[in-house]
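See below for the structure under consideration.
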Amino acid sequence: MNLDDIIKNRRSIRDFSPQPVSDEQLQELLEAARWAPSGTNRQPWRFVILKGDSEIQLLSGAVTQSFVLRAPVVLVCCLDRRSFTKDKIAQRIEELVEAGVISREVADLLYVRKMPKKVDEVTMPVSAYLDMGIVLEHLSLKAFSMGLGTCCVRMFDAEKITFNLQLPEGIEIVSLLPVGVPAENPQPRPRLPVDELVIEPQVYENSLLK
């Protein structure tokens, strides 16, 4: 199956077979997630893996979509706010310099642009949530290529799940991702034609680009 087929045939799955997801399959998914791109290579995503009824029932009362509780595995996909402290950003920038990805001059610019004013301060850019969207797409497409289904779920009580899982301070739940062998084959949702997605640029007489 090529990438175009994976993109066009992936579906959000809400009915799962009781067939388990193996530890090897989970490792493949996490490896795909590990290679997702992120701003300044901060890699702010963290995952809690819930397997089996006893663990997944920790979500009971915190989700409004009951199919989540019937999945063999649920990934609790989180954003680690600690990735955006001064020390962590400096560590990531220096790694990029050492890897030869950016020059020292570029690194100095990143220090100016991306550093919070205090060591323990957290400045959360909007791009952090873009990073999470990218990693969720990596997980969803990889899962489909392995014969697994997923569904990105945003309707949940984050405070209750955080308490039930005893997540450390600074971990923000962004999405739940139930994973399992599909027990349904949903039809594709309607899609807008490409020409409705493209906005033609307009150049005005007083454009600053002139």
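Observations, loosely collected:
- Ellipticity at 222 nm from helices only: DSSP H runs of n ≥ 4 in the chain, each -39500 (n - 2.57), divided by the residue count, give -11000 deg cm²/dmol.
- Its Cα centre serving as origin, the chain has a Cβ charge dipole (Lys and Arg +1, Asp and Glu -1) of approximately 300 debye.
- Once C-alpha pairs closer than 8 Å and six or more residues apart are averaged by separation and normalised to the residue number of the chain, the relative contact order reads 35 percent.
- For the peptides 51-62, 67-78, the ranking by mean Cβ contacts within 10 Å, running from highest to lowest, is 67-78, 51-62.
- Charge dipole of the chain about the Cα centre (unit charges at C-beta), most positive-ward option of Val194, Leu109, Leu141: Leu109
- For the stretch 1-65: rounded, prolate or oblate by the Cα gyration tensor [a/c cutoff 1.5]: oblate
- Gyration tensor verdict on the chain (Cα atoms; rounded if a/c is under 1.5, prolate if a/b is larger than b/c, oblate otherwise): oblate
- Net charge of neighbours whose Cβ lies under 10 Å from the Cβ of Leu59, counting Lys and Arg as +1 and Asp and Glu as -1: -1
- Neighbours of Tyr129 by Cβ distance under 15 Å: Lys/Arg scored +1, Asp/Glu scored -1, total 0.
- For the pair Gln65 and Trp35 in one chain, pulling the backbone fully straight at 0.36 nm per residue adds 7.8 nm over the alpha carbon distance.
- If you take all other residues with their beta carbon under 11 Å from the beta carbon of Ala32, and give Lys and Arg +1 and Asp and Glu -1, the sum is -1.
- Pairwise Lys count, the chain - Cα closer than 17 Å, eight or more residues apart or different chains: 7
- Among 143-151, 6-14, 101-109, 127-135, the order from most to least packed when residues are scored by Cβ within 10 Å on average: 143-151, 127-135, 6-14, 101-109
- Over the stretch 39-96, equivalent-ellipsoid semi-axes from the Cα gyration tensor in Å: 33, 10, 9
- For the stretch 129-210, size of Cβ-based charge dipole, Lys and Arg +1, Asp and Glu -1, in debye: 240 debye
- Convex hull volume per residue for the stretch 139-179, taking Cα atoms only, in Å³: 79 Å³
- Each of Ala62, Pro182, Gln91 was placed along the dipole of the chain (beta-carbon charges, centred on the mean Cα), and the one lying farthest toward the positive end is Ala62.
- Taking the average, over residues, of other Cβ atoms within 10 Å as the packing measure, peptides 187-194, 26-33, 163-170 rank 26-33, 163-170, 187-194 from highest down.
- Relative to the Cα centre, the charge distribution of the stretch 18-69, modelled as +1 at Lys and Arg Cβ and -1 at Asp and Glu Cβ, gives a dipole magnitude of about 320 debye.
- Mean Kyte hydropathy of 1.6 or more with a Cα span along the axis of at least 30 Å, helices from DSSP in the chain: none
- Taking every Cα-Cα distance in the stretch 22-134 and sorting them into 5 Å bins starting at zero, the pair-distance distribution P(r) comes out as 2, 10, 17, 17, 16, 13, 9, 7, 6, 3, 0 percent.
- For the stretch 95-210: rounded, prolate or oblate by the Cα gyration tensor [a/c cutoff 1.5]: oblate
- The 3J(HN,Hα) values that the Karplus relation (6.51, -1.76, 1.60; θ = phi - 60°) gives for the stretch 66-78 are, in residue order, 5, 4, 4, 6, 9, 6, x, 9, 10, 8, 8, 9, 10 Hz. Gly and Pro appear as x.
Here, each number is a calculation from the coordinates, and none is a lab measurement. None of these values were measured; they are calculated from a predicted model. Glycine gets a Cβ as well: all are built from the backbone with ideal geometry, and neighbour counts include every protein chain shown.
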